[in-house]
Structure formats: structure tokens, C-alpha cells
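First the structure, in the form of C-alpha cells, and then the observations on it.
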Amino acid sequence: MFVGNANALGQATGTAAGMAPYAHLAVYKVCTELGCFTSDMLAGLDNAIKDGVDVLSLSLGGYSLPFFDDGIAIGAFRAVEKGIFVSCAAGNEGPFNATVSNEAPWMLTVGASTIDREIRATVKLGNGVELIGQSAYQPSDFLPADLPLVYPGLHGGSRAAVCKSGSLKDIDVKGKVVVCDADADVGRVNQGRTVKSAGGAAMILANKEASGFTTMSDTHVLPAAHVSYSEGLKMKSYISSASAPTASIAFHGTLIGTFPAPAVASLSARGPSRADPNILKPDIVGPGVNILAAWPFLVGPSGNGAAAFNIISGTSMATPHLSGIAALLKSTHPGWSPAAIKLAIMTTADLTANDSEPIRDQNMDVADFYAVGSGHVNPSRAANPGLIYDIDAGDYIAYLCGLRYTDEQVSAVVSRAIKCSSIESVSGAELNYPSFTVFLNAENNYKLTVTRTVTNVGAPRSTYGVRVKSPTGVSVAVEPKRLSFSKANETARYSVTFSSSSGSRSSISDGAEKGLLTWVSSDKITRVDSPIMVSIV
């Protein structure tokens, strides 16, 4: 479906379309005002399976749980076993480590990235310093004139700092530009309502440190600009030092092609996975910040927006992008398994932004794989991955047994009786996943060898050579160094040995060091990437 002249308050105008605009949609309600209950989610998933859907998109999740206690993981296993692709949100608990949810390796876990579109609003302070911000509400009758600037958090306490409802009643903000610390729990648009009801003329939302440079183009109810943490520090320093601080806001509309993009959003949940640190999660990031989204009611200062669209951010926005891409891949390659589609998406992801530099995080530091997963989705490359990794239901069951779950716990996940004693189990490190999360320690003599199997889905006669960017302080040896194929769908197996000497271990910082293993076709056209994260424990 294509929707012409889609926009939010006149911004981000264009023709709206999903990733797979000709797909047929079936929608299952599993959440109510009371929350999302496991029984309802499982019922919805079971109904979708019975209806014969091809892709399941789940923009919901919770806390990390063992897979046998995770209703989404259980329902998703049933779906994947039936050949249904499952895409799930990584969660919005970032930017802190070990916050990712929906961690089961049989589902695609999706983080959120920014896009190269800004709806820009510029703040000019009385000292001449300009701060770049964003806002979807850009009234034409608001002139960029200097107004008194006030930060209620200086004297009004923590509630006033985030402009909670009722917190400004004893503070003189009438006719002024009011600075509020951006707070997702309060709600950025709700912060503006508080400022407006107290008589404020405009609002500047300043990020807290954790949010860094991630700013939102919300559909505010008054003139506003959302600025980064560093820009907010400049503004607060000016307010503290000036006897009569002032500011103005100028609106510049929708800008396309801004740099750098994508970047990992501050809200996007991070690995390592708590359910199993051996599986790198999230798997991928996709567009999830300032997304033009259909909305059930009109938005804006009077609820009279031009159309029923809003600007929304979160991993719940990124997930349907990936679900649509999976639908396109399934249409292009109907014989591929859900795992093959998922792993093709992962091995072909982009690791650089539109400025040709590595993808950054919310602080503009190079993002590690616990933030970016395998990278930012590249649909064109995913359609022609060259080599794919594949995993079937039996492999997942062997993996569950390798987690040392009891027979009852494994049976709960797969919905039938399983005896692990009759199965050759595999660890997370040994699962045929296209990423490597490795823990070296005294128990394994700081050396670990794992194997992977790839299937040729590119040119029937093809050869691939390996390139390795080793993590700091770690040696990575691949055998063989060349894979040759004589026909389509032929498989090849390779091993990777990770090791660290006592001398090199001292150069490894706390946490995990990252690297990259890449198979490159002999014609240099096809690249198959596998992220590496190595920890010394």
C-alpha cells in the first residue's frame, strides 16, 4: 500500500510505503491497557501459525529470561519450526550493556539506528552560540526573536528539571523559553504540555548524558527544539553565567542526507545477552529513530495535524523494517529457511555510515558489536549474500541441551518431549551462527576452536578467501583459508581458532575486544562478514 502526501505536521512529507508494500497483513491483538500477558502472546502466535503467515513481526518484549520461561521464545520456536520467519525488538533499555531482550538465536533481534533525515530546529543563545536540534512542530508564525531563557532545574529540583506535570507552578516561566531535561519516562511531548500550561513560550529539551547525540523530532504542542547532551551543556553553562540569558528558535524544515547516518540510537538495547552470552545480540540494527508512522489519532498543538501520522522512535519501529525486508527475501528465495534469511541479513550488513566511517553510537564513538550487532541492514546485499549459514530445528534443540537445561525445560521450549541424553549437544559457541562470541580463560588454556558450515547460494563455480581483522591481543587462525565450490547449494566447513598468549592478554582492555572475519569472493564482488567479540575471563 502506498499513501501519498504522508506527513507529520507538514514535515517528512512524501509517499509512505512499507518495506514490502504488496504484502498482505494479518494483525493479532495480544496486548491491552493492562499489559501483554504471555498467554495472549502465545495465543496470538499460535493463531498466526495456523493462518499460515510467512513472517511474524513482534514489536514487543520484556526482560531477559531463560528460554524455557520466555513466552516469545517458545512461540517463536514453534513458528520457525514451521518455516515462519520471526523478527523481534531488541528493547529500548539502552545505552547500557546487558539490556537486550528477545535473545533466542532462532529469532532476529533488531536494534534501532538513526536515519539521514532531520527535521531541524536551531537554537541561538544570547551570546551568539548556535545549537542544532530537532522538532516536527515548526510553526510558521513563531518568529526567531530573543526571549528570556530559564532552566527550572537550577532551583526547582529534579521534578522541575524534567518539567513534570505541576512542577512549574511556582516558577516564573511565562513568555520564556524553558529548558527541560529530556525524559522518556515523563514523555517529551508531555513535558511540552507542562511548559505550555505554565505559560512558557517555547521549550528546549536537553539530553541527559546517557542519550548523547540521539535527538527526536517529536510532534510537540509548542515551539521546541531537542538538543544533544553536549549542546545542552553549552546552554546550561551560558544560563549560569549570564545575568539575563536569552534564546531564540529558528525552524528549517525537513533536511535529507545529513551526516553521519546511521548511528546506533541511545535507546537501543545492548548486549551481551544474559540468556546466553555466547550468542551475539542484537543481531542487526535498522531504521528506528524519527520514523514517520501511521497513528490512530491526529497530533499537534490542537490535535489537528494534517494527517494521522506521527514521528515515532524505538526498536519497535526498527523491527517492522526488518520484517518487511525478510518478506522480500522470502519472496525472492522461497526455498530458504528462516535461519538462512536471517543469517543472510546479518552477513551482508553495513558496518560504515554515509560518511564512509565506522557506524557510531550515541556518543559518536565507534559502536561495538554489542550495540550494532552485525551492522546496519542492507537489503540489496542480503538478496545476494553469496554464502549463507543455516540452522534447523534439530540444531536448536541440540543447542538448548548444550545450555544444560533439563529435559523438561527443553521440552517446554520445543513443545514436545525431548531427552537430551539421546542428543549430541552443542554450545552457543558451536552453533552455526555467523558471529563469534568467544570467552578465553584458564580452563580452556586461553584457546578455543569452533567450526562453521556455509552453503554456496552464489555463482555455482566460485572461490572465497578469508580476511581477518583480529581483536586486540588475540590471534585468530582460520582453516582452510580458501573455500572452493563447484555447484550451487554445495556446503563447506571451516574452523576458527582463537588464542591469547600471556604477553598479549595484558593489552586487552576490560570487557570485550572486537574483530571481523570476512569471506571475499575471488572477483571481489561478494563479502560475507562475521563479527567477532572476544573476552578474557
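Quick notes on this structure:
- Treating r as the C-beta distance of F297 and M364 and R0 as 45 Å, the FRET efficiency rounds to 0.80.
- In terms of surrounding Cβ atoms within a 10 Å radius of their Cβ, V264, V377, V476 rank from fewest to most as V476, V377, V264.
- Computed Rg/Rh of region 117-256, alpha carbon atoms with Kirkwood Rh: 0.92
- Helix-only [θ]222 nm of the chain, DSSP H runs n ≥ 4, -39500 (n - 2.57) each, per residue, nearest 500: -6000 deg cm²/dmol
- Stretch gain in nm, segment H155-A242, where the contour uses 0.36 nm per residue and the Cα spacing is subtracted: 29.7 nm
- With Cα atoms, 0 to 90° folded angle of helix 338-347 axis to the chain main axis: 70 degrees
- Relative contact order (%) - criterion: Cα under 8 Å, at least six apart; region: region 317-465: 23 percent
- A cysteine counts as unpartnered when no other cysteine's C-beta lies under 4.7 Å of its own; in the chain this applies to C88.
- Dipole of region 86-184 [Lys/Arg +1, Asp/Glu -1 at C-beta], most positive-end residue of S113, G91, G126: G126
- Once both labels are positioned 7 Å from their Cα atoms along Cα-to-Cβ, the gap between C31 and D69 label points is 2.2 nm.
- The fraction of all Cα pairs in region 405-456 landing in successive 5 Å bins from 0 to the largest distance is 4, 16, 18, 17, 16, 18, 9, 2, given as whole percents.
- The chain - percent relative contact order, Cα under 8 Å, separation 6 or more: 15 percent
- Region 188-210 versus region 272-350: alpha-carbon centroid distance in Å: 29 Å
- Peptide packing: for 158-164, 38-44, the average count of neighbouring Cβ atoms within 10 Å per residue gives the ranking 158-164, 38-44, highest mean first.
- Extended-chain gain in nm, criterion 0.36 nm per residue less alpha-carbon gap, S356 and D407: 13.5 nm
- Net charge dipole, the chain: roughly 580 debye, given to the nearest 20, about the Cα centre with Cβ charges of +1 for Lys and Arg and -1 for Asp and Glu.
- Note on L233 and H24: the model spin-label points, each 7 Å out from Cα along the C-beta direction, lie 5.6 nm apart.
- Distance from region 103-117 to region 220-259 (C-alpha centre basis), Å: 30 Å
- Listed residue pairs exceeding 31 Å between alpha carbons, taken from K169/K234; K236/K281; K29/K342; K447/K481; K50/K281; K330/K419: K236/K281; K330/K419
- For the peptides 6-13, 64-71, residues were scored by their other Cβ atoms within 10 Å and the scores averaged per peptide; the highest-first order is 6-13, 64-71.
- Counting beta carbons within 10 Å around each of R404, R78 and listing the fewest first gives the order R404, R78.
- When each of the peptides 96-102, 431-437 is scored by how many other beta carbons lie within 10 Å of its residues on average, the order from highest to lowest is 431-437, 96-102.
- Mean projected area (nm²) of the alpha-carbon convex hull when region 81-128 is viewed from all directions: 6.4 nm²
- Here's the picture: charge each Lys and Arg Cβ at +1 and each Asp and Glu Cβ at -1 in the chain, and of S427, F213, V189 the one pushed furthest to the positive end of that dipole is F213.
- Region 1-123 - percent relative contact order, Cα under 8 Å, separation 6 or more: 19 percent
- Translational diffusion of the chain, µm² s⁻¹ [Kirkwood Rh, Cα pairs; Stokes-Einstein; 4 °C; 1.567 mPa s]: 52 µm²/s
- All-pairs alpha carbon distance profile, region 400-487, 5 Å steps from 0, percent: 3, 10, 15, 16, 15, 14, 11, 11, 5, 0
- Distance distribution note for region 432-536: the fraction of Cα pairs above 22 angstrom is 34%.
- In terms of surrounding Cβ atoms within a 10 Å radius of their Cβ, V366, V520 rank from fewest to most as V366, V520.
The numbers here are math on the coordinates, done by the rules we state, and not lab data. Everything numeric in this text was worked out from a predicted model, so none of it was measured. Using ideal geometry, Cβ is built from the backbone for each residue, glycine included, and neighbour counts are taken over all protein chains shown.
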